[in-house]
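Just below is one structure, and these are the notes that go with it.
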Amino acid sequence: DSKITIERSHFRRGQGMTGGAISLKSAGSLTIEDSSFEDCHSSSSGGAIGISSTGSVTIEKTDFSRNTALESGDIYAVDTIQFLLSSCKFLSISTKGSILGAEIDQVDIKDIVVTTDSEAPMIDIQTPVEILPYPEVFEATLSESVTANPSTEDSSDRASGVILEDIGTLTIENSTFHKLSGLSGGAVNLSNANVEEGSATITGSTFKECDASYNGGALNIIEHANFTILETSFRKNKAQGK
């Protein structure tokens, strides 16, 4: 299988149908490190990167700024075995969403910052996340207790942060989601077609000033077997519940 590595590279004003800067299909693995994607555009999915049918994807220490697409302004990944996103920053993201992943066995998101606020200083991802005293630890197992989104909802509008569908295992650690909005789940929208499978854990993260038109100002979880939140701060998030 082919292995592709991109290091210390800068992509600016790239344009394409799927993946404005990089479009990849049927590769063994893709690794991107110490790079940046700026002002790229896709007429379909993945303003910066579009990936499908790839064994493993690793993106580390990479910045994404002002990329746009019909959906998933920064990264679009589908039919992938493993997806790792670490120490990345997503600045001034598109309201159509930043990251869209579907049919992925394992997703690991660590030490990232996602914000629509171009005026806000980027948060030092090495700084420990502030944990508020309410609650110190919150754990939840969700199945049928979560209200589904309206049937008219389009996937590209569900969240302006991270949209994940049919994911086997998800972990989000030490990450910040700030001033994101969508129909349901302003920061993260997670759905699984098979309610008997799938597990998700969020640890040591911050969700601040996110909002949704329907459900879950910060998070919207649909039909996921096991969901756990530990040592995570939620501040000034809101949902209008239309």
Open item on the list: Would you confirm, using the coordinates I've provided, whether Asn194 is at pLDDT below 90 and not hydrophobic (A, V, I, L, M, F, W, C)?
Closed with: yes
Task: Selection status of Ser45, buried (at least 19 other Cβ atoms within 10 Å of the Cβ) and polar (S, T, N, Q) - done: yes
- [ ] Could you tell me which residue of segment 67-91 is surrounded by the most Cβ atoms within 10 Å (Cβ to Cβ), considering only residues that are on the phi > 0 side of the Ramachandran plot and without any contact (Cβ under 8 Å) to a residue 40 or more places away in the chain?
- [x] Ser87
TODO: Considering only segment 1-50, state which residues are within 15 Å of Val78 (Cα to Cα) and not in a strand (DSSP E or B).
DONE: Gly19, Ser26, Ala27, Gly28, Gly46, Gly47, Ala48
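The values are calculated or read from the model by the stated rules, or taken from the named source; none is laboratory data. Because the structure is predicted, anything quoted here is derived from the model rather than measured. Reconstructed Cβ throughout: ideal geometry from the backbone, glycine too, with neighbour counts over all protein chains shown.
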